[in-house]
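Visitor: Right, I'll just put the structure down here and ask away after.
The values are calculated or read from the model by the stated rules, or taken from the named source; none is laboratory data. Fair warning: this is a prediction, and the values are worked out from it, not measured in the lab. All Cβ positions, glycine included, derive from the backbone under ideal geometry; neighbour counts span all protein chains shown.
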Amino acid sequence: MWRRLRDAAWFRRAAGRALAAYMTLVWKTSRVTIIPGDTYDKIELEIPVIVTFWHGQQFLMSYVVKQHWRVFGLFSRHPDAEINAYAVEVHGHRTIRGSGDHGTEFLRKGALTATLQMIEALKDGCTLALTADVPKVARVASRGIIALARHSGRAILPVAVSSTRRIVANSWDRASLLLPFGHVFIVFGDFIRVGERADRATIEASRALVERQLNDITGKAEALVAPAPQKAADVG
């Protein structure tokens, strides 16, 4: 029944609108702290940037990024991801469909087309928001985001989000469902730049740096909202 519903375009649109409304409720009823406090001032001087985060951390990204930045979010072609994409579009952002893969699924998942679209968006002055890890490979940064920075000349900016009121799913990506009336912490890392002439060793070092920063700021965000969150049932 669920699969039949999620495959219906009308249902995905309706669910996307409902999710967008719920995100707005959470944002408007939460106290929000930005760390470091001057990050948004610095971002304005760097626009466009490549905002990145781990899978499962995307819940409030429609509000972490600002509409006047002209933002494109990257979403996979999976039906569940379509719901999230519709929610982001309701909030006024644009989307690109496709996702990366560490194996043989690269072309089928639309990664090449999506990468070309993202590079064009950056050249046009638009900011990107996307996960650093590919589906089913949690918290291991892919080289794809390094390629975007290298070919566009734009900086990567890691970000993590957590809340004192949240449910963490027992899933591969440890997805967090934030609840209303909490204290939300948005923790940014440092800008990471990749030179156009970066060699293989430099690319790997940059990839590892993105991964390390995301793990550091995600750990910091989670520590700030202790005690441990309620856990959801297994969702696969």
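Visitor: Taking Pro227, is it over 20 Å from Val51 (Cα atoms), of a type outside the set (Val, Ile, Thr) and at pLDDT below 95?
Guide: Judged against the criteria, Pro227 is a match.
Visitor: Then there is this: If you go through region 192-228 one residue at a time, how many are in a helix (DSSP H, G or I) and not polar (S, T, N, Q)?
Guide: Looking only at that region, the number is 20.
Visitor: So, in region 153-164, how many residues would count as being surrounded by fewer than 20 Cβ atoms within 10 Å (Cβ to Cβ) and in contact (Cβ under 8 Å) with a residue 60 or more places away in the chain?
Guide: 2
Visitor: A follow-up question, please. Looking at Val51, Val32, Val65, which one is modelled with pLDDT of 95 or more and in contact with a Pro (Cβ under 9 Å, 6 or more places away or on another chain)?
Guide: Val51
Visitor: Shifting gears a bit: Those residues that are of a type outside the set (A, V, I, L, M, F, W, C), assigned to a helix (DSSP H, G or I) and surrounded by fewer than 21 Cβ atoms within 10 Å (Cβ to Cβ), I need them from region 75-85; list them, please.
Guide: Pro79, Asp80
Visitor: Against the condition in a strand (DSSP E or B) and either at pLDDT 95 or above or farther than 16 Å from Ile217 by Cα (or both), how does Val137 come out, does it pass?
Guide: no
Visitor: Phe72 passes all but one of (1) crowded, with 22+ Cβ neighbours inside 10 Å; (2) assigned to a helix (DSSP H, G or I); (3) modelled with pLDDT of 95 or more; which number fails?
Guide: (2)
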